[in-house]
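Following: one structure in structure tokens, then a few remarks.
Every number in this text was worked out from the coordinates using simple rules, so none of it is lab data. What you are looking at is a predicted structure, and each value in this text was computed from that prediction instead of being measured. Because the Cβ atoms are built from the backbone with ideal geometry, glycine has one as well, and the counts that use them run over all protein chains shown.
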Amino acid sequence: MNHIVSRAFLYMTAAGLLAGCAAKRPVNTSVAAEPVATQVDSAALAPAPATSQGPYNPAAERLMDLLHTRLDVRFDWGKQHLLGEATLTLKPYFYPQEKIVLDAKGFDLHKVTLQKGKQEVPLAYDYDRYQLTLKLDKAYTRKDTLQIFISYTAKPNELKVKGSEAILADKGLYFINPTGKEEDLPQQIWTQGETEANSAWFPTIDKPNERMTQEIIMTVEDRFKTLSNGVLVSSRKGANGLRTDHWRMNQPHAPYLAMMAIGEFTVVKDKWRDKEVTYWVEPEYAATAKATFGRTPAMMEFFSQKLGVPFVWDKYAQVVVRNFVSGAMENTTASTFMESVQQDRRELLDKNWDHIIAHELFHQWFGDLVTTESWANLPLNESFADYSEYLWAEHQYGADEAALTHREALLEYLGEARTKQEPLIRYRYLDKEDMFDSHSYAKGGRVLHMLRKLVGEEAFFQSLNYYLVRNKFSPVEIDELRLAFEEVTGKDLRPFFQQWFLTPGHPVLSISHSFQDQSLTLHVNQTQDTVQTTVYNFPLTVAIYHKGGKQEWQVEVTKTNQSFSFPLAHTPEAVVVDPEQTLLADIQHKQTISEWANQFQYSTAFAAKATALDHLRDTTGLGLQEAIMKAVQDPFWKIRATGLELLVSTPLMESPEVQGQLQMLAAKDPNSSVRATATYVLGTLTGLPKEIIEVGLQDSSYQVNAAAIFSWARGKHDLQRLTSFLNLKNPDIVNAVAAAFTDSQENQMYDWYLRQARRLRSGDLYYFIQSFGAFLMKKNIDEQERGWQALVNIVERENMPVVKQSAFQMLTLMAETEERKETVAKLQAQDEKLRDNEGL
């Protein structure tokens, strides 16, 4: 699992206290988002969440069928251009055609011909810089096969860049450090095709319901390695230090899954069964590549066995690139990952990236082997990939880790649902990029979990097998999934699919219970807007703890208001609704503090314990302290960490015995997230001896070091002790140091802040900006100038909206001269992401 658990806690509290800036958690695809809120208050859902009112978006009409793409490409690094020759093999899909319409964004076209044997027939065409319409010499039928040759130059940097929360830019082809002059940044070229961005570097039919085989021939400097889909069939050295690599993909896939990566990578080889598995990393991380990616063969075996469909492709490569515009991308046979996945040995102590590795690997079945026919059906790709994170956590790390993965995704969706509620499968949207949200990922994964519980373990995976086998190398829509489950189970599942896949929203349940005359009565009230969504039908599990043990009941909820009675000889000790959080719902169970404390004390399921602790935050009452002390001794690290967080605002902190236990956890807990949280909690004590914090500064974990740095600075100890951390690149360390030194007047610290402003990216940069801004605001206008320019550069280069906006906000605070005000106005006019700074 990805143990970035204390980061939100530390940054959102300690960074705010020390840097004097309120840190907000950005939408960050590079890490697993940790929900801050837990229960969603339905009263806070006004005004009503929006549902898209866009036009109907059908699957693309198939007029021509793209059979094969052959690309011969080379690169102009200085101009950041691709020089390409494309040969496309096509045929009419069904009806005769007199023209071919290709997606081709921003090209200079040099030659367009129809290949007839050895003869080249020039073709007339219309081109609007987005689509290329070729006029054929006659009408061709589906019995005819055509070859089109196009010589062109792709100029991705001249395109207007758009994107989504998940994929920050859509220019398709990216040159990293093209001049080689940027410090600490390797030269690379890589591509990112989803949704329809590959047509920015080769002409194609850029729709998910199209499929092609392909060849990509790349000519590059000999010092670079190349990677593409399929297998490398030849590599020839040429003149002037160049080399030409020929990659071939013999199995068909959607055009958006085509990829290239070029750079000075170290390739670490592995194997699954008889197929090559490789990890492409920067040389610095070659020694730890297997520690990061090395569970991939085990994942391949687990998914192959579970689905009954062995991994079908010729190879599987995973490449890490710089400045990637997403967390990762499931290109067929060759997934691309953001740079954060590269870890040194100490970073491996704090977290692993199994969730994202499993996610992209599962796409090789769901998304690559079987592909959504339209972006409206995107959850048929992303819901499965999201749920694979749960499946792998359950298999590899156990029930608690799986339950944590499940709960965080549920809360992520419920957070998004405050402002938007869409059907999972939505044909009406304003932009296809809108589909890449927590509905398609987190909600979809939770719906699949409910489907698994509904039909049973064997039926669930047998149905997935049927779906994959029947639809392999084909585009699909939601009905194909439903029909597969109905074929296997014999059940009519249309009501389930209608309710959970095709209806916006989710149940919002107001629940109370009472005990009288040896009977427990549970009142369930559905309070969601049943006009916008529906009255839901679902099973609901209730666990009742009482003297002598536990009883578990399952009831069927079918109405807006229902009551259920359970015979019970004694007053219940705890009543736990949906103890394993199986139901996708916002459940508001009205209980007293002592009842929530009892729920924690008696429950064994992670979700029930975590929910109870969340209701005990910022409260006082009977049983609270006992629950906290039990939590900090819990076998599962996440419960221990949460218990430690709850300690901060309680009288327990004054107890020498508790302080001793905190020191023990900070020094010796086996989980670094727990040690880090304990170290921070200790740091909230006034007058804490620096010797205690020193233990954290010497810990092997970066996460613990970062917490200790916060505590050291808060205790106003000599900051000279922290200078030994200035050369470390770990983002946790950098952000902790940045928060600690905001009052520094030393030039070497100013230089350090400037180096980090150039180096950091995405979410890590967001946190850093808070501290950097506090550092700069304490300087006069002349001293600010270098920092001002660094913030301008961040605004101009970054794609993540919240990072751009954060840097832009700092610029507005520093805009004290007319020249600076003009710069701010110019930046805002040039970038629509800066035109709405609401909420900053």
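Note the full-extension length gain between Thr153 and Lys79 as 0.36 nm times their separation in residues minus their Cα-Cα distance, in nm to one decimal.
Answer, rounded to one decimal: 25.6 nm.
Hey, which of these cross-link pairs are over 22 Å Cα-Cα: Lys638/Lys668; Lys111/Lys135; Lys778/Lys821; Lys290/Lys443?
Beyond 22 Å between Cα atoms: Lys290/Lys443.
Identify all aspartates and glutamates with a Cα-Cα distance to Lys804 below 19 Å; exclude those on the same chain that are fewer than 8 residues away in sequence.
In chain and number order, the partners are Glu165, Asp170, Asp764, Glu785, Glu796, Glu822, Asp831, Glu832, Asp836, Glu838.
Does segment 754-835 come out rounded, prolate or oblate, given a ≥ b ≥ c as the square roots of the eigenvalues of its C-alpha gyration tensor, rounded meaning a/c under 1.5 and, failing that, prolate meaning a/b above b/c?
Taking the square roots of the gyration eigenvalues as a ≥ b ≥ c, segment 754-835 is oblate.
Given axes a ≥ b ≥ c from the Cα gyration tensor, I'd like to know whether segment 150-222 is rounded (a/c under 1.5), prolate (a/b larger than b/c) or oblate.
Judged from the Cα gyration tensor, segment 150-222 comes out oblate (a/c at least 1.5, b/c at or above a/b).
Lys306: which aspartates and glutamates have alpha carbons under 12 Å from its alpha carbon, excluding same-chain residues fewer than 8 sequence positions away?
Filter leaves Glu457, Glu458.
At a 10 angstrom cut-off on C-beta neighbours, averaged per residue, how do the peptides 477-489, 809-821 rank from highest to lowest? Please report the intermediate quantities before stating the final value.
On the way: 477-489: 18.3, 809-821: 14.8.
Listed from highest to lowest mean packing, they are 477-489, 809-821.
Count neighbours as other Cβ atoms within 10 Å of each site's Cβ, and list the GluC sites (Glu not before Pro) in segment 757-804 that are DSSP loop with at most 15 such neighbours.
Qualifying residues, ordered by number: Glu783.
Over segment 508-583, what is the relative contact order in percent, taking alpha-carbon pairs closer than 8 angstrom and at least six residues apart? Write out the running numbers ahead of the final one.
Working: 137 pairs, mean separation 26.4, N = 76.
Computed over segment 508-583, the figure is 35 percent.
Quote the relative contact order of segment 715-840 in percent (integer), defining contacts as alpha-carbon pairs under 8 Å separated by 6+ residues.
Once normalised by length, the contact order is 19 percent.
Just check segment 213-326 against the gyration tensor rule for me: Cα atoms, a ≥ b ≥ c as the square roots of the eigenvalues, rounded for a/c under 1.5, and otherwise prolate or oblate depending on whether a/b exceeds b/c.
Note, shape of segment 213-326 comes out oblate.
If the limit is 19 Å between Cα atoms, which of Lys155/Lys826; Lys269/Lys315; Lys105/Lys160; Lys79/Lys160 go over it?
Violating the 19 Å Cα-Cα cut-off are Lys155/Lys826.
Show me the ranking of peptides 338-348, 761-771, 405-415 by mean Cβ neighbours inside 10 Å, starting with the highest. Let's see the in-between values first.
Values: 338-348: 18.7, 761-771: 25.5, 405-415: 22.6.
So the order, starting with the most tightly packed, is 761-771, 405-415, 338-348.
How large is ³J(HN,Hα), in whole Hz, for each residue of segment 208-214 in order, when computed from phi with the Karplus curve 6.51 cos²θ - 1.76 cosθ + 1.60 and θ = phi - 60°, using x for Gly and Pro?
3J(HN,Hα) across segment 208-214, in whole Hz: x, 8, 9, 9, 8, 8, 7.
Per DSSP H run of at least 4 residues, take -39500 (n - 2.57); add these up for the chain, divide by its residues and hand me the 222 nm value, nearest 500 deg cm²/dmol.
Taken over the chain, the calculation gives -10500 deg cm²/dmol.
Quick one: Karplus J couplings for segment 488-499, per residue in order, coefficients 6.51, -1.76, 1.60, θ = phi - 60°, nearest Hz, x for Gly and Pro?
6, 8, x, 8, 8, 9, 4, x, 4, 5, 4, 6
Fully extended, how many nm does the chain gain between Lys472 and Gln745 (0.36 nm per residue separation, minus their Cα-Cα distance)?
92.0 nm
Could you tell me the relative contact order of segment 115-203? Use alpha-carbon pairs under 8 Å, at least six residues apart, and round to a whole percent.
20
Measuring from label point to label point, each 7 Å out along Cα→Cβ, what is the Met653 to Val535 span in nm?
4.9
Near the amide H of His68, under 5 Å away, which other amide H atoms are found, from residues 5 or more places off or on another chain, if H is placed in the peptide plane?
Those qualifying (amide H under 5 Å, at least 5 residues apart or on another chain) are Thr89, Thr213.
Under a Cβ-only charge scheme (Lys and Arg +1, Asp and Glu -1), can you give me the dipole magnitude of the chain about the Cα centre, in debye to the nearest 20?
With Lys and Arg at +1 and Asp and Glu at -1, about 1420 debye.
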